[in-house]
Each structure stands twice: as C-alpha cells, then as structure tokens.
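This report refers to the structure that appears directly beneath it.
The values are calculated or read from the model by the stated rules, or taken from the named source; none is laboratory data. Computed from a predicted model, the values in this text were never measured in an experiment. Reconstructed Cβ throughout: ideal geometry from the backbone, glycine too, with neighbour counts over all protein chains shown. Side chains included, ligands, DNA and RNA excluded: accessible areas come from the protein's heavy atoms. Shrake-Rupley method; radii C 1.70, N 1.55, O 1.52, S 1.80 Å.
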Amino acid sequence: MLVLVVDSSTPAVTAALVEVSADGVVPRAHRCTVDARAHGELLAPQVDAVLADAGARPRDLAAIVAGLGPGPFTGLRVGLVTAATMGQVLGVPTYGVCSLDAIGHPAALGEPVLAASDARRREVYWAVYDGAGQRIAGPNVDAPAVAAERARDLAVTAAVGDGAHRYADVLGLPLRVEPRYPDATALATLAAERIRAGAPTETLTPLYLRRPDAVAATARKSVLP
C-alpha cells in the first residue's frame with residue numbers, strides 16, 4: 001500500500017511516500033526543507049514532488065499519516081489540514097502519530113532516551129522513551145531544566161532532537177545525532193498496524209500543549225482620550 005506521510009510540527013517541513021506491506025515499511029520518496037517560516041508555502045509542492053518522484057498519482061494512495069505535534073500552532077496546523085483535506089477528497093483514511101514518537105522511537109537503541117523539539121520561549125516539547133522506543137513520559141512543554149530533571153528521574157542515558165541540540169548544556173546528556181526532526185519512515189512504521197488492518201480514519205487532533213501566541217481581543221478599547 002502506498003502511503004503519504006506529512007509532518008510540519010517543527011521547522012522541518014516533511015513530505016514522504018512509503019510502501020507499507022506485511023513485511024515492513026519501505027521509503028519510496030522523501031522531501032524535507034528546514035524553514036520555520038514557510039510551512040504553508042512548502043508542504044503542498046513537496047507533496048506533489050514526492051508523488052512525481054515515485055511516479056505515483058494521488059489516487060494511488062491507500063492512506064495518509066500525519067505528525068500530530070506537539071508543535072507551534074501556525075506550523076502544525078498546515079500539515080494536519082493538508083492531510084485531513086486530502087483524505088476527505090481522496091476517500092482514504094488518515095492516521096495521526098505524535099511527532100516526538102518519530103524522534104524518540106528510532107533513537108532508543110535499547111536505552112531510555114529523551115526526545116526534545118524547540119518550543120520557542122526558551123522551552124522544549126519533550127517526551128521520554130524506554131529502551132524499546134515506547135513512550136513512558138510526555139509529551140509535555142517545559143523549560144529545558146524541568147525536562148532534564150524528569151529525564152534523570154527516569155534514568156535517561158541520551159537525548160535526541162533539535163531541542164536537545166539547542167539546549168544540550170542544560171540537559172547535560174550525551175546527544176544522538178539523528179533523527180534531529182521527526183522521521184517520516186518512523187511515522188509510517190508507528191501507524192503501520194492501523195494501516196494494514198484498514199482501521200477507520202482518525203480525527204487528526206493537534207497536540208498544541210499551550211495556547212497560540214495570537215489571541216482575539218476580549219473587549220473593545222476606547223480610542224477617546
């Protein structure tokens with residue numbers, strides 16, 4: 001089954017095609033551009049590009065997988081709206097995966113690991129994974145020092161992700177180089193059981209974890225002196 005994967009929860013805008021079979025998940029095409037200010041401009045062309053790279057058309061898709069975040073409001077919703085709209089138009093199921101899972105799961109390597117992405121405001125989105133790559137804490141948004149304390153409590157031995165690199169001095173953990181951003185093949189792998197089973201489409205509920213920076217005014221202000 002040919003599956004489209006999208007993620008816009010971090011500065012890395014990602015679109016990929018993978019083949020999901022009974023034997024595993026095989027990458028077919030991949031595009032990723034790191035630009036925190038251009039999610040809306042980049043994602044749709046990248047979806048077109050990976051389809052062209054694989055010699056496929058939208059009607060060839062059997063499912064769509066999207067990273068649910070956590071991530072900043074504006075960027076994250078680009079990927080989720082794209083996935084939900086395409087799923088409705090094409091009549092194929094959509095499945096969501098926590099984006100941090102696609103960083104921590106492939107990086108666990110038999111030991112507990114902290115996955116962190118940059119949440120701005122001098123904070124990180126973080127989660128902890130056991131040696132098998134299963135999430136055992138999070139996702140949360142906190143100051144790096146708070147994430148570091150929880151990581152010590154859970155005997156974490158390494159950190160991974162762009163947030164971990166950015167705040168390496170505070171976290172005080174050895175760094176895993178990759179994946180720095182959510183891995184598209186990992187996203188598909190984490191949804192593969194649902195895809196193979198033909199599970200019903202899922203509502204793609206974003207993991208914002210905090211309110212957006214921009215909010216509507218709650219009262220009118222007088223312009224008179």
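With the charge dipole of the range 1-128 set up from +1 on Lys and Arg Cβ and -1 on Asp and Glu Cβ about the Cα centre, the Cα lying farthest toward the positive end among the listed residues Val50, Val81, Ala127 is that of Val81.
Could you look at the range 116-160 and say what percent of its accessible area is carbon and sulfur, using a 1.4 Å probe and all protein chains? Spell out each step's value before the answer.
Numbers: 880 of 2020 Å².
C and S fraction of accessible area: 43 percent.
Cα gyration tensor of the range 47-86, axes a ≥ b ≥ c as square roots of the eigenvalues: rounded (a/c below 1.5), prolate (a/b > b/c) or oblate? It is prolate, given that a/c is not under 1.5 and a/b is the larger ratio. If you take every residue apart from Val156 with its C-beta less than 15 Å away from the C-beta of Val156, what net charge results, scoring Lys and Arg +1 and Asp and Glu -1? Taking every Cβ under 15 Å from that of Val156, the sum is -1.
Rounded to the nearest 20, the size of the Cβ-charge dipole of the chain about its Cα centre is 780 debye, with Lys and Arg at +1 and Asp and Glu at -1.
At a Förster distance of 41 Å, what's the computed FRET efficiency of Val26 paired with Leu209, Cβ-Cβ distance as r, to 0.05? Don't skip to the end; give the middle numbers.
Details: r = 33 Å, r/R0 = 0.80.
After rounding, the FRET efficiency stands at 0.80.
Extension gain for Phe73-Asp35 works out to 12.2 nm (0.36 nm per residue, less the C-alpha to C-alpha distance). Convex hull of alpha carbon positions in the chain: directionally averaged projected area 14.9 nm². Note on the range 24-151: with charges restricted to the Cβ of Lys and Arg (+1) and Asp and Glu (-1), its dipole about the Cα centre is near 280 debye.
Can you tell me the mean projection area, over all orientations, of the convex hull of the range 79-149's alpha carbons? Units nm², please. Before the final figure, lay out the partial values.
Details: hull surface 22.7 nm².
So the Cα hull casts an average projection of 5.7 nm².
Could you compute the net charge surrounding Val18? Neighbours are other residues with a C-beta less than 15 Å from the C-beta of Val18; K and R count +1, D and E count -1. That works out to -3.
Based on DSSP, what percent of beta bridges with both residues in the chain are antiparallel, to the nearest 5?
Values: 27 of 41 bridges.
So the antiparallel bridges amount to about 65 percent of the total.
Pairs of Cα atoms under 8 Å, at least six residues apart: use those to get the relative contact order of the range 100-162, whole percent. Walk me through the numbers before you get to the answer.
On the way: 135 pairs, mean separation 23.7, N = 63.
Across the range 100-162, relative contact order equals 38 percent.
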